[in-house]
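Heads up: the structure comes next, in structure tokens.
Nothing in this text is a laboratory measurement; each read-out follows from the coordinates by a stated rule. These numbers come from a predicted model, not from an experiment. Note that each Cβ is placed from the backbone with ideal geometry, even for glycine, and that neighbours are counted across all protein chains shown.
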Amino acid sequence: MIHPSAIVDPTARLADDVEVGPFSVIGPDVEIDAGCVIGPHVVIKGPTRLGKRNRIFQFASVGEDCQDKKYAGESTRLEMGDDNVVRESVTIHRGTIQDRGVTTIGHRNLFMAYSHVGHDCLIGNDCILANQATLAGHVTLGDFAIMGGLSAIHQFAHMGEHSMAGGGSIISKDIPAFIMINGNPAAAHGLNSTGLRRRGFSEEAVRALSESYRLVYRKGLTLEQAISEIESRFSLDETRRFVDSLRSSKRGITR
């Protein structure tokens, strides 16, 4: 159902069961798949594609032009998967031609009120951005990453899968997979062991990751020495993914 006060561009493509609330604006080159609910006073600008069963709350701005001074009106995109929740006053911007040209959001993510996703971000699945968490441009979030309220992450930084940033954290370097960070500047504060157990990680995997964390952060080794020690002692998929997140860092890891 589309409310009579909503404005939907005739070129926008909405599935038959999409709901659009009062005074919302759906612009040209927007595609919204089945089961989506667009609340009141929402603005969605294209080129933007929303998958199935997304819920967008009031005053959110989705697919707007980026806040990059180099942006000159080029056609760039936002692509969002299924079952995401975008709460009040969230802002999500499209990409830039200086990068991939697209901001990409996976499935089942929760964007709490006033959080921001900058241009060219790549967000995996099952992530949480708490209230006023802010992603600068070109940021990557792995699956199940959690950003606490009022936290912010520097452009081009990576946040590994199952990692967690405490509220108010200021993140300027990459966060390896599976760890917790907090503070300004952000510093490592241990393995996200509670989160891993809640998500079904085995005790063997949690113990191996705990020891891997200690090798990187508590034993006084260089990063390459720690990686070599981890690889010689453990052959689990989880420790391999931890090592991959260390090796792939381009900004240096949060210490």
| Semi-axis lengths, Å, segment 148-220, gyration tensor of Cα atoms, sqrt of 5 times eigenvalues | 22, 14, 10
| In nm, to one decimal, how far is the modelled label at GLU204 from the one at ARG100, with both set 7 Å along Cα→Cβ? | 3.4
| query | Taking amide H positions as placed 1.01 Å from N in the peptide plane, with prolines and chain starts having none, which residues 5 or more places from ALA12, or on another chain, fall under 5 Å of its amide H? | reply | ASP29, VAL30
| query | Around HIS189, which amide H atoms from residues at least 5 apart in sequence, or from another chain, sit under 5 Å from its own amide H, with H modelled in the peptide plane? | reply | MET180, ILE181, ASN182
| task | Would you please put 132-143, 49-60 in order of how densely packed they are, using the mean number of other Cβ atoms within 10 angstrom per residue and starting with the highest? | result | 132-143, 49-60
| task | Based on other C-beta atoms within 10 Å, arrange TYR213, TYR71 from fewest to most. | result | TYR71, TYR213
| request: Output ³J(HN,Hα) for segment 131-137: one whole-Hz value per residue in order, computed from phi by the Karplus curve 6.51 cos²θ - 1.76 cosθ + 1.60 with θ = phi - 60°, and x for Gly and Pro. | output: 3, 6, 5, 10, 9, 6, x
| If you put +1 on each Lys and Arg Cβ and -1 on each Asp and Glu Cβ, how big is the dipole of the chain around its Cα centre, in Debye rounded to 20? | 840
| If you wrap a convex hull around the C-alpha atoms of segment 96-255 and split its volume per residue, what is the figure in Å³? | 103
| query | So what's the convex hull volume per residue for the Cα atoms of segment 7-138, in Å³? | reply | 82
| field | Which of PHE201, PHE234 has the fewest Cβ neighbours within 10 Å, and the rest in rising order | value | PHE201, PHE234
| said: For Cα pairs less than 8 Å apart in space and 6+ apart in sequence, what is the mean separation divided by the residue count of the chain, i.e. the relative contact order in percent? | reply: 9
| request: Report, by chain and number, residues whose modeled amide H sits under 5 Å from the one on VAL20, excluding near sequence neighbours (fewer than 5 apart, same chain). | output: ILE2, HIS3, ILE38
| said: Stokes-Einstein diffusion coefficient for segment 73-161 at 20 °C in a medium of 1.002 mPa s, Rh from the Kirkwood formula over Cα pairs: what value in µm²/s? | reply: 172
| remark: Placing +1 on each Lys and Arg Cβ and -1 on each Asp and Glu Cβ in the chain, then taking the dipole about the Cα centre, the residue among LEU191, VAL139, VAL20 whose Cα reaches farthest towards the positive end is LEU191
| query | So, with +1 on the Cβ of K and R and -1 on the Cβ of D and E, and no other charges, what is the size of the charge dipole of segment 7-138 about its Cα centre, to the nearest 20 debye? | reply | 220
| said: Rounded to the nearest 20 debye, what is the charge dipole size of segment 195-247 about its Cα centre when +1 sits on each Lys and Arg Cβ and -1 on each Asp and Glu Cβ? | reply: 260
| query | Taking only C-alpha pairs under 8 Å that are 6+ residues apart, what is the relative contact order of segment 195-247 in percent? | reply | 33
| task | Could you pull the Rg and Dmax for segment 195-247, using just the Cα atoms, both in Å? | result | 10.8, 31
